[in-house]
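Only one structure is covered here, and it is reproduced in the block below.
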Amino acid sequence: MVLKRIIYQGFRNLVDAEIEFSDDFNYIIGDNGAGKTNLLEAIYYAGNASSFREKEDRSLIRFDAEFLRVEAEAGCDRNAAVFLDATKKKIVLDGNNVPRISDFIGWLGVTIMSIDDIWIVRGAPAKRRYFLDWTIAKISPAYVAALVEYRKIVRQRNRFLQSLSENGSRKLFEVFDEQLINCGNKIYQKRAAKLPELKQIFAEFGANFDLKKLNMEYQTECPDMELNEQVLKRVRPREIARGQTVVGPHRDDLLFSLDGRSMQHYASEGEERAASISLKLAEAEMLYRTKGERPILLLDEVSAELDTTKRDILLDLLRGQVLYASTRMPEPDHASDGRNRLLHIERGKVEVS
Ligand SMILES: Nc1ncnc2c1ncn2[C@@H]1O[C@H](COP(=O)(O)OP(=O)(O)O)[C@@H](O)[C@H]1O
Ligand SMILES: [Mg+2]
């Protein structure tokens with residue numbers, strides 16, 4: 001998919017505007033705090049009705065505004081608008097109201113690559129689950145629905161586990177376990193179906209950055225990625241003691257390794273960065289293979305911490321429409337190509353040159 005135009009109002013520090021993009025490379029250049037990430041966030045928001053860096057989307061509304069509105073026009077005459085104020089969110093896709101977010105996510109096809117992606121490799125397991133979930137979510141609306149349901153089930157089951165010691169209604173275990181097993185396995189099946197391809201593409205991109213045998217292994221307490229009664233019986237004492245659901249898709253992890261060694265223990269920062277970039281490129285490639293269209297790549301200062309060799313490799317690997325945000329232009333001057341567009345941003349105001 002190609003983003004033709006975006007129109008935004010009341011979004012972060014951005015001065016209300018309408019911007020047209022080139023189908024190829026778009027550079028977004030501005031100082032720190034100018035609003036580069038905010039502009040990428042507005043685009044992402046138009047594609048997913050949620051932010052990549054904010055759980056509470058009300059903080060996206062400009063400090064002095066009552067509401068925000070983002071409208072995107074894409075190739076093949078597709079368009080969408082997201083409206084948000086203190087009380088409601090309204091989503092419209094191709095002229096129709098969309099009540100369920102799972103019917104909206106991914107319509108535009110966007111992959112965000114950020115300097116903070118290193119935390120997917122380096123940080124807590126939740127970062128890796130978030131990455132995996134979003135990669136699959138953009139491909140499969142059913143997965144989003146299962147995730148939403150699963151979270152609800154875990155919350156309810158946790159509440160039940162916490163109340164156990166007081167009233168001891170253990171017969172309810174069967175009901176809660178069955179729900180967890182059914183919904184948890186929907187998630188496992190999807191993850192298991194997508195992982196081999198993700199792994200393979202990830203390793204291929206890694207090789208481009210000279211990462212030898214870059215690999216990810218799924219880590220879970222559920223053998224063969226399956227939740228069942230035996231697993232739950234085994235962890236029951238722990239669950240009762242902690243008042244928490246301790247197994248299932250919400251507790252799993254991905255273990256990254258390089259040439260057979262765990263990255264968390266042995267990798268250098270450069271290797272961690274190259275691996276995190278390979279992850280996002282793999283996400284984009286998965287989207288392409290599933291949907292037959294390249295996602296829009298949003299790059300947020302990704303090259304800032306890369307040496308020139310890695311940066312050039314990265315620029316070579318980018319396919320499709322690219323929005324490249326940085327404090328300065330990469331050299332040699334890629335913007336001189338006629339199909340590219342240069343956008344300067346200063347205190348939230350975008351100037352196209
Ligand atoms: N809801 C908001 N309303 C107005 N300004 C905001 C809002 N949220 C963030 N900002 C401002 O946006 C600026 C940061 O923009 P950002 O896009 O992160 O800059 P950068 O160009 O460095 O990526 C900060 O000055 C911050 O105060
Ligand atoms: Mg930024």
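Dividing the mean sequence gap of close Cα pairs (under 8 Å, 6+ apart) by how many residues region 119-291 holds gives a relative contact order of 32 percent. Using Cα-Cα distances under 8 Å and only pairs 6 or more residues apart, what relative contact order does region 254-327 have, in percent? RCO, region 254-327: 26 percent.
At most 16 other C-beta atoms within 10 Å and a DSSP loop state: those are the exposed trypsin sites (Lys or Arg not before Pro) I care about. Give me the longest piece of the chain that has none.
214-318
Restriction of the GluC sites (Glu not before Pro) in region 1-95 to DSSP coil positions whose beta-carbon has at most 12 other beta-carbons within 10 angstrom yields Glu56, Glu66.
If each residue of separation counts as 0.36 nm, what is the full-extension length gain between Arg58 and Asp23 once their alpha-carbon separation is subtracted?
9.5 nm
The mean sequence separation of alpha-carbon pairs under 8 Å and at least six residues apart, normalised by the residue count of the chain, gives a relative contact order of 27 percent. Between the Cα long axis of helix 172-208 and the first principal axis of the chain there is an angle of about 40°, rounded to the nearest 10. Just check the chain against the gyration tensor rule for me: Cα atoms, a ≥ b ≥ c as the square roots of the eigenvalues, rounded for a/c under 1.5, and otherwise prolate or oblate depending on whether a/b exceeds b/c. Because a/c hits 1.5 or more and a/b fails to exceed b/c, the chain counts as oblate. What the phi angles of region 36-43 give under the Karplus curve with 6.51, -1.76 and 1.60, with θ = phi - 60°, is a coupling list of 4, 5, 4, 5, 5, 5, 4, 5 Hz, glycine and proline written as x.
Only beta bridges with both residues in region 274-353 are counted; by DSSP, about 50 percent of them are antiparallel.
Along region 142-147 the Karplus relation, 6.51 cos²θ - 1.76 cosθ + 1.60 evaluated at θ = phi - 60°, assigns HN-Hα couplings of 4, 5, 4, 4, 5, 5 Hz to successive residues, with x for each Gly and Pro.
Put a dot 7 Å past the Cα of Glu197, heading toward its Cβ, do the same for Glu293, and the two dots end up 1.7 nm apart. In this structure the amide hydrogen of Lys89, modeled in the peptide plane, comes within under 5 Å of no amide hydrogen from residues 5 or more places off or on another chain. How far is helix 125-137 tilted, in degrees, relative to the longest principal axis of the Cα atoms in the chain, given as a value from 0 to 90 rounded to the nearest 10? Value to nearest ten degrees: 70. Counting beta carbons within 10 Å around each of Phe202, Phe67 and listing the fewest first gives the order Phe67, Phe202.
Within the same chain, lysines fewer than 8 places from Lys4 are excluded, and of the rest, those with a Cα less than 30 Å from its Cα are Lys36, Lys55, Lys88, Lys89, Lys90, Lys138, Lys280, Lys291, Lys310, Lys349. Stretching Ser262 away from Leu164 to a fully extended chain increases their span by 31.4 nm, per 0.36 nm per residue minus the current alpha-carbon distance.
Evaluating 6.51 cos²θ - 1.76 cosθ + 1.60 at θ = phi - 60° for every residue in region 343-353, the Karplus couplings come out as 10, 9, 10, 9, 6, x, 9, 9, 10, 8, 10 Hz, glycine and proline recorded as x. To the nearest 10 degrees, how steep is helix 269-291 against the longest Cα principal axis of the chain, on a 0 to 90 scale? Helix 269-291 and the main axis of the chain meet at about 90 degrees.
Using R0 = 35 Å, the C-beta based FRET efficiency linking Val352 and Asn96 works out to 0.65. Fully extending the segment from His344 to Arg236 would add 33.1 nm, taking 0.36 nm per residue of separation and subtracting the current Cα-Cα distance. Here the simple spin-label model places points 7 Å from the Cα toward Cβ, and for Asn182 and Asn228 these points are separated by 1.9 nm. Once the Cβ-Cβ distance of Ala124 and Asp103 is raised to the sixth power relative to R0 = 25 Å, the FRET efficiency obtained is 0.25. Inter-part distance, region 1-64 to region 292-323, computed on C-alpha centroids, equals 18 Å.
A short reminder: the numbers here are calculations on the coordinates, not readings from a lab. Values in this document were obtained by computation on a predicted structure and should not be read as measured data. Cβ: placed from backbone, ideal geometry, glycine included. Neighbour counts: every protein chain shown.
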